[in-house]
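One structure is given below, encoded as structure tokens.
The values are calculated or read from the model by the stated rules, or taken from the named source; none is laboratory data. All of these numbers come straight from a predicted model, not from anything done at the bench. All Cβ positions, glycine included, derive from the backbone under ideal geometry; neighbour counts span all protein chains shown. Note: areas computed on protein heavy atoms with side chains; ligands, DNA, RNA excluded. Shrake-Rupley method; radii C 1.70, N 1.55, O 1.52, S 1.80 Å.
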Amino acid sequence: MTTAPQRLFIGGEWTEPARGHYEVINPATEEVVGLAPEASRTQVYAAAAAAREAFPAWSRTRPEERAAILDRAAALIQRDIAAHTALAQAESGATTGTARSMQVAVGAARFRRYARGALEPVEEAIAPQINEAGPMGGAGVFGAVAVRQPVGVVTCITSYNNPWANPAGKIAPALAMGNTVVVKPAPQDPLSVYRMAEALAEAGVPAGVVNVVTGSGPEAGEAAVDSPDVDMVSFTGSTAVGQRIAEVCGRGMKRQLMELGGKGAAVVLDDADLDAAVAGIGTTFSFYSGQICTAPTRVLVQRGSHDALIGKLAAYAGRLKVGDPAARGTIVGPVISAAHRDRIESYVELGRKEGARVVAGGERPAHVDRGFYVAPTLLADCTNDMRVVREEIFGPVVVVVPFDDEEEGIALANDSDYGLIDYVWSGDVARAFRVARQLRAGGVGVNTIGRNMEAPFGGFKRSGVGRDVGSYALHAYSELQAIVWPG
């Protein structure tokens, strides 16, 4: 499929890009999906200015009005789910099931969730306090209320691994709280976000409340961060880029919400159900070709179960069909680009040099003659000081490190720069929870890779700053104001 050249969305108008267009490539076929607009710095600043101008009126709209618009947007996205799925698959390389259910459908669900979120109370009563007379005034009883207020203009910079769910998870709660947004999608798959903007416009979002700008290089994103009209930056992406954004935000005292890299530790204890553990760990191979920050990529297994787990993981990887993501039965599609494929392959080669043993994969799939494919790869005989164990590869590569006792397993799991989501597998639930409480990660899955979508999501250490999802996202996109009065 090839779409018409895309225009920017600024101040409610579809605007021709000042710097032309760039090609969006289908990672499965290497064909052009469409032409995305190259915004100039001036145009990005104009988008932020439009958001600033729209903020006072939008922030004063009744919550019921914001909820109705978000709910209509969800319905419009769902109405066109077939077309949206085809586009998301073409530009991201996701399998059909993933593009439909985990990308577009989740995007629509997040707009519905924050339609309800717009109606959540923003005031919280605080118990009265009795104050004695003093330098601050006479004695009295003072009441107080904590009120959540919108932050202002929020720049949303989104990742390439989910062009629907990730932007929706930022835009929807930000709008629900009364903020206005400038959205800067990842350059690899931005076209879906423009379809989201179309749905929001059709749903009745006022001009300037939602703006979308894109670019193939760093300039558009940099402008969306350093614009003086921006009050907050919400970013999903690599830790290295997050650090640079944080430096700019620090100079302007801008609020930040950062969901950064991960190297999820899967601690497999000697009493674990190995088949269940393999089914969870194996999603690193199968779900979006391992391009997911929450993946259990770093397997720490108690030595008594080590060989059996290696054998089961190798067999699991060998059963996965790699190829055209649109074909029935495909489990592993391409990674996002040729550059990313080469990066993953360089890590596999680095693992060999470091002494790891390639148990499965390790070579480019021979049966595909185009597209950016990486075979599901399993590296054994690893140690925690290897770069393949310590650094985020962001592909279908699992590394395995053995340990002797529970304390060593916990220490190895925590010996990481990252701390997004870790996992524990054990037949003893009390033991699993005991281990989970000692892991330095923002989330821990106990005998599951599943998520509770009302639970806070975010990372420790270099995996991020702040929490979102559920009501925590509403909190993230708000400032807390105290109002005090004499009784």
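Only one of the numbered conditions (1) in a helix (DSSP H, G or I); (2) open to solvent by 10 Å² or more (accessible area, probe 1.4 Å) is violated by GLN256, and that is (1).
When the range 376-387 is filtered for residues that are within 17 Å of ASP342 (Cβ to Cβ) and buried (at least 22 other Cβ atoms within 10 Å of the Cβ), only THR377 remains. Only one entry of THR294, THR236, THR214 meets the criterion of being among the polar types (S, T, N, Q) and either over 24 Å from PHE9 (Cβ atoms) or free of Cβ contacts under 8 Å to residues at least 40 places away in the same chain (or both), and that entry is THR294.
Open to solvent by 20 Å² or more (accessible area, probe 1.4 Å) and polar (S, T, N, Q): is that true of ASN162 in this structure? Judged against the criteria, ASN162 is a match.
In this structure, does GLY311 turn out to be surrounded by fewer than 19 Cβ atoms within 10 Å (Cβ to Cβ) and in a loop (DSSP other than H, G, I, E, B)? In short, no.
Of all the listed residues (ILE410, ILE449), the sole one being of a type in the set (A, V, I, L, M) and over 30 Å from LYS170 (Cα atoms) is ILE410. The number of residues in the range 467-487 being buried (at least 20 other Cβ atoms within 10 Å of the Cβ) and on the phi > 0 side of the Ramachandran plot comes to 1. Within the set GLY362, GLY351, GLY395, GLY409, the sole residue that is within 19 Å of PRO296 (Cα to Cα), modelled with pLDDT under 95 and either open to solvent by 10 Å² or more (accessible area, probe 1.4 Å) or not β-branched (Val, Ile, Thr) (or both) turns out to be GLY362.
For the range 30-42, residues that are open to solvent by 30 Å² or more (accessible area, probe 1.4 Å) and either within 27 Å of ARG370 (Cα to Cα) or touching a Pro at 6+ places or on another chain (Cβ under 8 Å) (or both) total 5. Could you tell me whether any residue of the range 29-44 is at pLDDT 95 or above, touching a Gly at 6+ places or on another chain (Cβ under 8 Å) and farther than 24 Å from ALA207 by Cα? For the range 29-44, residues at pLDDT 95 or above, touching a Gly at 6+ places or on another chain (Cβ under 8 Å) and farther than 24 Å from ALA207 by Cα: present. Listed by position, the strands (runs of 3 or more DSSP E) enclosed by the range 416-487 that each have at least 2 residues that are over 16 Å from ALA265 (Cα atoms) are 478-486.
Residue-by-condition table, conditions (1) in a helix (DSSP H, G or I); (2) in contact (Cβ under 8 Å) with a residue 60 or more places away in the chain:
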site	(1), (2)
LEU35	no, no
THR42	yes, no
ARG52	yes, yes
PHE55	yes, yes
GLU65	yes, no
ALA88	yes, yes
